[in-house]
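**Q** I have a structure I would like to understand better, so I am pasting it below and will then ask my questions one at a time.
Rule-based calculations on the coordinates, nothing more; no lab input. None of these values were measured; they are calculated from a predicted model.
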Amino acid sequence: ILGACSLIFGLLGFRVRCICYSDYLSHRDYQLFKDLFSAFGVEESIHYSKITQYSEESVAAKGDIRELTLDLIHGRPLAKPGESG
């Protein structure tokens, strides 16, 4: 069901992120549907990963966590991603 839902959302133009607690299961599930995703042209829109990888990428997208923490402690305005403090 997850693979079919991913395909539908991909066809609708959404970026899809399927996360799992296990690298093995995430990789296995992606491999089961990879050919179908390719056949429909949505392979680039669908990503399977372990939940820790997703959370690390989410934090990194907001900026350098060390710099953001220092800014918060020192009462400085928080820089947006891509801005230098």
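**Q** Multiply the residue separation of GLU57 and THR69 by 0.36 nm, subtract the distance between their alpha-carbon atoms, and state the gained length in nm to one decimal.
**A** Here the segment from GLU57 to THR69 would lengthen by 2.6 nm.
**Q** Find how much the distance from ILE8 to ASP35 grows on full extension, using 0.36 nm per residue of separation minus their present alpha carbon separation; answer in nm with one decimal.
**A** Full-extension gain reported as 8.3 nm.
**Q** I need the phi-derived Karplus couplings for the stretch 56-61: 6.51 cos²θ - 1.76 cosθ + 1.60, θ = phi - 60°, integer Hz, Gly and Pro marked x.
**A** Ordered by residue, 3J(HN,Hα) equals 4, 5, 5, 5, 4, 5 Hz.
**Q** What percent of all Cα-Cα pairs in the stretch 1-53 falls into each 5 Å bin, going from 0 up to the bin containing the maximum distance?
**A** Per 5 Å bin, starting at 0, the Cα pair percentages come out as 4, 24, 34, 24, 11, 3.
**Q** Note the angle between two axes, namely the Cα long axis of helix 23-39 and the longest principal axis of the Cα atoms of the chain, as a number of degrees from 0 to 90, rounded to the nearest 10.
**A** 60
**Q** Name the residues whose placed amide hydrogens come within less than 5 Å of the amide hydrogen of ILE46, ignoring near sequence neighbours (fewer than 5 apart) on the same chain.
**A** The list, which skips near neighbours in sequence, is VAL16.
**Q** Restricting to Cα pairs below 8 Å that are 6+ residues apart, what does the relative contact order work out to for the chain? Please round to a whole percent.
**A** 27
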